[in-house]
1. Taking the Cα atoms only, what angle lies between the long axis of helix 57-84 and the longest principal axis of the chain, rounded to 10 degrees?
2. For labels at residue 104 and residue 185 in the simple 7 Å Cα→Cβ model, what's the distance in nm?
3. Would you calculate a helix-derived [θ] at 222 nm for the chain, using -39,500 (n - 2.57) for each DSSP H run of n ≥ 4 and dividing by the full residue count, to the nearest 500?
4. Percent relative contact order of the stretch 3-199, based on C-alpha pairs within less than 8 angstrom and at least six residues apart?
5. Among 56-68, 32-44, what's the highest-first ranking by average C-beta atoms within 10 angstrom per residue?
6. When the Cα atoms of the chain are enclosed in a convex hull and the volume is divided per residue, what value in Å³ results?
7. If I model a spin label as a point 7 Å beyond the Cα along the Cα-Cβ vector, how far apart are those points for residue 122 and residue 9 in nm?
8. Measuring from label point to label point, each 7 Å out along Cα→Cβ, what is the residue 193 to residue 84 span in nm?
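Every read-out reported here was derived from the displayed coordinates using simple, explicitly stated rules and does not represent laboratory data. Everything numeric in this text was worked out from a predicted model, so none of it was measured. A quick note on method: Cβ atoms are made from the backbone with ideal geometry, for glycine too, and the neighbour counts reach across all protein chains shown.
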């Protein structure tokens, strides 16, 4: 595919992701669940869309660091629900409930955004190895805001208890907020390392 055509496709996808992120926030506000706008996937949609528009591999990688592992967990649960009609962890049960089509479309981004963004990095390459800095700053900032300003029952970004049943009991010897940060940072560094290994290209 010619570079010009590919750039147009990246721009269109970037705009779509930004629109989906904005619509998700609007729906959240209309449903009077304001704290739900702090779900990290909404920020991911908008920031990744901007990265695609500008073909900025640093921005794109910073968002992939945040979501690749959580999204993989989501997709495993989704496939179990889809194929076996049985959820592993209950993470994706809401997707199979009766919901407006636009909400389903927004949620479906868990399935298609990772392949799109990875392909983008494959084409444009990484110019820097330190995208983890943005990832950690973004994630920890959201974590602090969620912990201080949202209802624990909403459990935004799994900040109050694990979204995977029984994982809390495995880590009971560590305060949950500490274990969240450890797991979060470890997943970012692991993802960042793999992305650098696959897509980093030293500038000449």
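1. On a 0 to 90 degree scale, this one is about 50.
2. With each label point 7 Å from Cα toward Cβ, the separation is 4.2 nm.
3. Working: 8 runs with 139 residues, N = 204.
It lands at -23000 deg cm²/dmol.
4. On the way: 191 pairs, mean separation 49.6, N = 197.
That works out to 25 percent.
5. Details: 56-68: 24.5, 32-44: 16.9.
Ranked by mean Cβ neighbours within 10 Å, highest first: 56-68, 32-44.
6. Roughly 135 Å³ of hull volume per residue.
7. Placing both labels 7 Å along Cα→Cβ, they lie 1.0 nm apart.
8. Once both label points are built, they end up 2.9 nm from each other.
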